[in-house]
Each structure stands twice: as structure tokens, then as C-alpha cells.
Amino acid sequence: MKKETLKQQSIYVHMDNVINNVVTSGITFCDFMNGVMSPPQNILLLKHQFQDASYNAHTSFHYSDVRDLAELKKASVSQNGDFCWVDFEDLDLVNQLTAQEVAELLYLAHTGRHLRSPFYYKLQNNFVYLTMNDGRYNKVYYRNLDQFYHVLAYAIWKNMMQLTTEKIALPFVKRKKIADIPVALLKKFATYFKEGICISFDDAVKNRNQIEVPIGYHLQDDMQELLRSNELIGYDRVVAHLNYDLKKNEWLLIEEGQ
């Protein structure tokens, strides 16, 4: 069954490692920027609602550079509707984009699908970031999928930190420091990512010794349902548990049947 939620904690992942795109829910732009190994320095804004972006006359796109990205990361992107961008290395090369290439970028932002490779030689981009509701349904192309695993590691770490501190009301009570999750551990999920999984923090079980987070497999709806509903998507079975040992500060992956 689906479960209503006001504040989503669960993370959904569906990966296509043929064309290197990952659809997620529960991971925001801020999570992306905090987790990615090599954060973008400049982004060409294909769709956005921000007032302070610079304008590029050649493409008619706005853009933000490294000076603006720190503020953009703090913004509540989820309240600004469509947010689609591609990173680039040098503005001079943006000015060399052909009309065909600009049209392809427009198509990519409008449909969420690429006509040719989403990685452009002139832009030297490592990412294409597409969302209509940031954190609820995001589609990101990664030139190097290892970058995604680092983003996911950060998002999981952040959720685990929230679970360990959610009942702390007094400011002088020391918060538990959660160890970083090993990327190698997350790569063990790779086979499941191809079909779609839910890292179900909403169904996590916590006691004095550990936090146990179920990994749900065989999602009951297409992930685009997350755009049409305020409910979480159900899953047919639990294939593993992602556990954090609070005493040893260690992460464990316990697969069902082991």
C-alpha cells in the first residue's frame, strides 16, 4: 500500500547505466552540490525561476557561475518549479554553440529526453540536471556514474543524521556523529538500481544499538507517479537492510536470506 507523507525521507533510485542517467526522489539540488565529487563551476540554466542569473545573448539562456552557485544552493529550489541546467567550462565556448545544439538543449529541458549525446564537446559538461519539482522527481545525466554514488552517499548520511537527532530537543545535548557511508557498499545495490528501489527511511527501525533501513524492490508504480501524488510509492518486497551500528559507527548491508 501507499503511505501518505508530509515530509519525504525515503530515497528512490532508478538507474539507466546504458545512457548514464539516474532518476531519483528524496535527493535535492543541495544534496547534489554537497555530495558530488567535482561540483560544477558554471551552469547554463535551461529552465529556472531565479532573478539574479546572468544572461547570455548568444543562446538566450541565463547562467550562474561559481560566485552565484553558493547562494543558489541555499535557495529553496523546490518552490521554484522547473529547474533544468547543464554545466559548462567556459562561456566563450557557450558562445560557439550552434543553433542545432541550442535546439537540442531546449528539447532536452522540455521533454527530459536527449536527441543525441547529452554530453557536449563544446560545453565539456559532466551533468544534465532536470526537474519540475526538485527533490520529488529528479533526472540527472552523469558523465561518470561514480559521481552519483557520492551524491547518494551524502543523501543517505543526511537522512541517518536526522534519524539520530530527531528526538533531541535540548541544544546542549551532543549530537551523534554518523560515519560516511562507503561508496563501495552502495555499489552493491547496482543490480537493484536498474529496476528501481526505495531506501525506506520512512520505515526505518531504531533502537539503542542500531538503525535498520529496509531496501524495497519492485516498485508498485512508475516513479513519475511521485509528480502526480503526495504519496510514497509502495514496493513488493524487501531485498536487504542498510544498517548503521550506533556503537561501532559502522555501516552494514544485510541481504535477505543471509
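Each value in this text was obtained by applying a stated rule to the coordinates, not by laboratory testing. Predicted model, so just to flag it, every value in this text is computed and none were measured. When we count neighbours, we look across all protein chains shown, and the Cβ atoms used for this are built from the backbone with ideal geometry, even at glycine.
Under the rule of at least 5 residues apart or a separate chain, name every residue whose amide H is placed under 5 Å from the amide H of Ala240.
Here Ile215, Glu256 satisfy the definition.
Before rounding to the nearest 500, sum -39500 (n - 2.57) across all DSSP H runs of length at least 4 in the chain and divide by the residue total; then give [θ] at 222 nm in deg cm²/dmol.
Using -39500 (n - 2.57) per qualifying helix, the result is -7000 deg cm²/dmol.
Based on the Cβ-Cβ distance from Asp82 to His218, what FRET efficiency comes out when R0 is 25 Å, to the nearest 0.05?
With R0 = 25 Å, the Cβ-Cβ based efficiency is 0.25.
Out of [x] 17.3, 57; [y] 19.2, 60; [z] 18.9, 57, which label holds the value of Rg and Dmax of the Cα atoms in Å that was computed here?
Identified label for the calculated read-out: [y].
Can you give the alpha-carbon Rg of the stretch 148-255 over 2.2 N^0.38 Å, where N counts its residues?
Output field value: 1.13.
Would you order Val18, Val66, Val140 from fewest to most other beta-carbon atoms within 10 Å of each residue's own beta-carbon? Kindly include the intermediate steps, with their values, before the conclusion.
Values: Val18 7, Val66 11, Val140 21.
Starting with the residue having the fewest Cβ neighbours, the order is Val18, Val66, Val140.
So if each residue of separation counts as 0.36 nm, and I subtract the Cα-Cα distance between Val238 and Asn95, what length gain in nm does that give?
Using 0.36 nm per residue and subtracting the Cα-Cα distance, I get 46.5 nm.
Towards the positive end of the charge dipole of the stretch 17-144, with charges on Cβ (+1 Lys, Arg; -1 Asp, Glu), say which of Met132, Ala99, Thr24 has the farthest Cα.
Result: Thr24.
Evaluate E = 1/(1 + (r/R0)^6) for Lys206 and Asp68, where r is the Cβ-Cβ distance and R0 equals 41 Å; express this FRET efficiency to the nearest 0.05.
0.55
Post the alpha-carbon centroid distance, the stretch 180-258 to the stretch 120-134, in whole angstrom.
27 Å
In what sequence do His150, His48 fall when counting other Cβ within 10 Å, fewest first? Don't skip to the answer; put the middle values down first.
Values: His150 18, His48 21.
Arranged by neighbour count, lowest to highest, His150, His48 become His150, His48.
What FRET efficiency comes out for Gln162 versus Val18 if R0 is 35 angstrom and r is the Cβ-Cβ distance? Round to the nearest 0.05.
With a Förster radius of 35 Å, E is 0.55.
Gain in length, Asn230 to Arg116, computed as 0.36 nm per residue apart minus the alpha-carbon separation, to one decimal in nm? If you can, show how the numbers build up before the last one.
Numbers: separation 114, 0.36 × 114 = 41.04 nm, distance 3.36 nm.
Going from the current span to full extension adds 37.7 nm.
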